[in-house]
Each structure stands twice: as C-alpha cells, then as structure tokens.
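Let me begin by presenting the structure, written as structure tokens, before commenting on it.
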C-alpha cells in the first residue's frame with residue numbers, strides 16, 4: 001500500500017450532501033453556494049466571502065480587484081507555489097522574490113524590508129505572504145507596509161484555512177482580514193477541507209468584494225431583473241463554483257475542527273518521536289498562532305550532499321511518499337526577475353514534507369518514524 005503525503009477525507013455525510021444537490025433543478029452557482037459563503041463568513045468572522053473554482057483563481061481575482069497593471073511592483077516569497085508568480089506575470093507586474101526563513105520557508109517582515117532596500121523599492125502594489133505548511137507566522141506584522149509603501153496585503157492562505165494568530169491577547173482567524181486587505185484560500189483535496197477543486201476570497205472591503213464577484217463571472221453587471229440584460233464592466237472569466245461542490249464544502253466545514261485536531265495530534269506524535277534524531281530538525285509549535293497543520297516539514301542538518309535525494313528514494317522504495325514544498329521560483333526556466341535567496345536556497349536543500357492527513361493511522365505514523373530512524377542509522 002502506498003502512503004501518500006496528503007489525502008482527502010470524504011464520508012457518507014459528504015456524499016449524501018453532494019447527491020442531494022445534484023438532484024436539484026439548478027446545479028451551477030446558486031443558493032447552496034450562497035449558504036456555503038455565509039457559513040464561511042461566520043466561521044472566519046469576516047465581512048465578505050466569495051468562493052470560486054480554485055486557489056489560483058482566488059489569487060487572480062484578488063490581484064485583478066486591486067487594479068494590478070503593467071509594471072506594478074509585487075513582492076512574494078521565493079519559496080512558493082508557482083501560481084502566485086504566474087498570475088502576477090499575466091498582469092505584466094514586476095515581481096520581486098524575497099528571501100525566506102531557512103527553517104520555515106516563510107517570508108518575514110524583515111525579509112520584505114531587505115528586499116525593498118536591496119532593490120530600492122519605494123511604491124509597492126501588493127505584498128503576498130504565503131503561510132507555508134499552514135503556520136501563520138507574522139500574520140499581524142505585514143500590515144505596517146500599507147502606510148510605508150502604499151501596498152495591499154494579500155494573504156496567500158491556501159495552506160492555512162482554519163489557522164489563527166494572536167494579536168493583543170486575542171486570536172483571529174486567518175481570513176478575518178484584521179491585518180490584511182484580502183485573504184485567499186484553496187479547497188484542493190489535500191487542503192484542510194475540500195470541494196474537489198475550489199477556492200475562496202475573503203475581505204472586509206465592500207468595494208473589493210463587489211469587484212471580486214463580478215470578476216468571478218466574466219465581469220458582468222446585471223442592470224435589471226431581466227435575465228438577458230446586463231453590462232460588462234471588468235475583464236473577468238468564469239471562476240464560479242458549482243452548487244454541488246459547495247454542498248461538499250458545507251459538510252466538510254462541519255468537520256474542520258476535528259480535521260485540524262487530528263493533524264495536530266500527528267504533528268505532536270512526529271515531534272515526540274523524531275526530536276532525538278540528530279540529523280532532523282522538527283517544526284515548532286508556537287503560542288503566537290494556531291496552525292492548520294497542512295504540512296509537517298522537517299529540516300535536515302549536517303548531512304552529506306545527496307542524502308536528501310537518497311532519503312526520498314528510500315522512503316518511496318518503502319511505499320512512503322514524501323514531498324518538497326517548494327522548489328524556489330527563481331530555479332524555474334520561466335522565471336525572469338529579481339530575487340534574494342540566501343536562506344531560501346538552504347531551506348530548499350534541507351526541507352522535506354512527511355505524510356500528514358486526517359485518517360493517517362497511528363501504526364502508519366510509527367512505520368514512517370521507524371523508516372526515518374532506519375535511514376539515518378544506515379547513513380550516519
């Protein structure tokens with residue numbers, strides 16, 4: 001049996017909800033989508049929420065809604081999924097990749113400052129922190145750049161649905177937009193909850209929300225109650241979510257607390273059993289945030305060249321799939337821009353993600369731990 005690094009959990013309640021939605025006369029965007037959005041608003045505690053067909057689409061709508069245009073400056077971390085970069089390139093923006101923390105792969109406010117200083121940036125259209133693995137480090141600390149650089153703060157929270165951060169002794173859900181203009185999420189099958197494929201934009205800005213809704217559906221503005229009469233006021237596409245996908249999202253959202261609790265237990269079990277392996281640095285829990293525990297990322301230390309590749313091959317030979325999150329964007333042939341990479345390169349060379357998902361059995365966790373111990377016993 002192959003043990004994947006991530007896996008969705010769908011139960012009979014989910015299947016029944018989708019089946020019921022498919023029996024409705026209307027199965028595209030309708031009342032169930034609206035109900036899902038309302039449930040999300042209540043869960044996250046934000047003013048506005050718009051679901052869509054992917055996390056990539058959510059990022060596109062966010063950048064479109066703030067009016068991103070050619071030569072606008074955007075800062076994002078070098079350790080990142082390619083979606084953010086591709087979208088910014090579609091808008092012909094100037095992209096600057098900041099360095100990241102060598103252990104977490106996340107961009108910090110000081111990384112942003114270093115990037116601005118290095119490239120002498122004065123006016124920034126958007127800063128896009130990405131909460132790698134679901135750990136919202138520094139979530140409250142990017143907002144200061146709004147005043148300094150006139151920038152929008154767009155959270156790439158595709159890993160972080162259900163996560164929260166502490167500010168003045170109070171926890172705020174990622175997506176509440178207390179310290180961001182826009183948050184974007186993914187409902188891909190491997191994320192905290194799933195709609196098959198899906199995404200989400202949250203904001204407390206009504207103007208941004210109204211733009212997002214129109215961009216989601218071809219930029220169309222309905223001008224009367226007549227279904228055939230409308231105007232087109234933005235360049236938009238079809239980013240809509242279907243009602244039967246939203247039906248899955250509604251029942252998945254009911255289980256989000258137990259999903260995250262299970263992932264946290266796995267996180268703690270891994271930490272307890274891997275902390276004494278001298279070649280492994282385990283991730284840390286923090287009192288300043290509550291993670292979604294989307295990924296369990298370890299770092300290797302004091303290892304010989306090629307050991308990481310050997311580790312991946314060893315685990316695969318034993319039917320365990322581990323993963324790299326992520327290849328730095330500056331390494332792709334597509335990349336053409338400016339970047340800082342001292343820590344990002346170290347992170348890339350030393351980090352790997354272990355399997356973590358809701359119904360990962362304890363005996364399977366132990367099997368993975370024992371394989372890791374065996375590998376480093378062989379390769380001391």
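Quick check, is residue 172 over 16 Å from the mean Cα position of the chain (by Cα), assigned by TED's automatic domain parsing to the domain that holds residue 246, farther than 30 Å from residue 321 by Cβ and part of a strand (DSSP E or B)?
yes
What pairs come out if I take residues in the stretch 140-161 that are at positive phi and pair them with residues that are part of a loop (DSSP other than H, G, I, E, B) whose C-beta lies under 8 Å away, six or more apart or interchain?
Close Cβ pairs satisfying both conditions: 150/123; 150/124.
Considering only the stretch 304-380, give the helices (runs of 4 or more DSSP H) lying wholly within it that have at least 1 residues that are modelled with pLDDT of 95 or more and within 28 Å of residue 88 (Cβ to Cβ).
342-350
Report, ordered by the first and then the second residue, all pairs with beta carbons closer than 8 Å, sequence separation of six or more or different chains, a first member in the stretch 89-117 that is assigned by TED's automatic domain parsing to the domain that holds residue 280, and a second member that is surrounded by 22 or more Cβ atoms within 10 Å (Cβ to Cβ) and at pLDDT 95 or above.
If the second residue must be surrounded by 22 or more Cβ atoms within 10 Å (Cβ to Cβ) and at pLDDT 95 or above, no pairs are left.
Check 274, 241, 237 and return the single one that is surrounded by 15 or more Cβ atoms within 10 Å (Cβ to Cβ), touching a helix residue (DSSP H, G or I) at 6+ places or on another chain (Cβ under 9 Å), at pLDDT 95 or above and outside the structural domain of residue 90 (by TED's automatic domain parsing).
It is 274.
Output the number of residues of the stretch 289-303 satisfying the condition of being surrounded by fewer than 16 Cβ atoms within 10 Å (Cβ to Cβ) and either free of Cβ contacts under 8 Å to residues at least 24 places away in the same chain or within 23 Å of residue 260 (Cβ to Cβ) (or both).
0
Given the criterion in contact with a helix residue (DSSP H, G or I) (Cβ under 8 Å, 6 or more places away or on another chain), buried (at least 24 other Cβ atoms within 10 Å of the Cβ) and outside any strand (DSSP E or B), identify the matching residue among 161, 142.
161
In the list 341, 285, 318, which residue meets the criterion of being surrounded by fewer than 20 Cβ atoms within 10 Å (Cβ to Cβ), in contact (Cβ under 8 Å) with a residue 40 or more places away in the chain and under 23 Å from residue 108 (Cβ atoms)?
That would be 341, the only listed residue that is surrounded by fewer than 20 Cβ atoms within 10 Å (Cβ to Cβ), in contact (Cβ under 8 Å) with a residue 40 or more places away in the chain and under 23 Å from residue 108 (Cβ atoms).
The values are calculated or read from the model by the stated rules, or taken from the named source; none is laboratory data. All of these numbers come straight from a predicted model, not from anything done at the bench. Cβ: placed from backbone, ideal geometry, glycine included. Neighbour counts: every protein chain shown.
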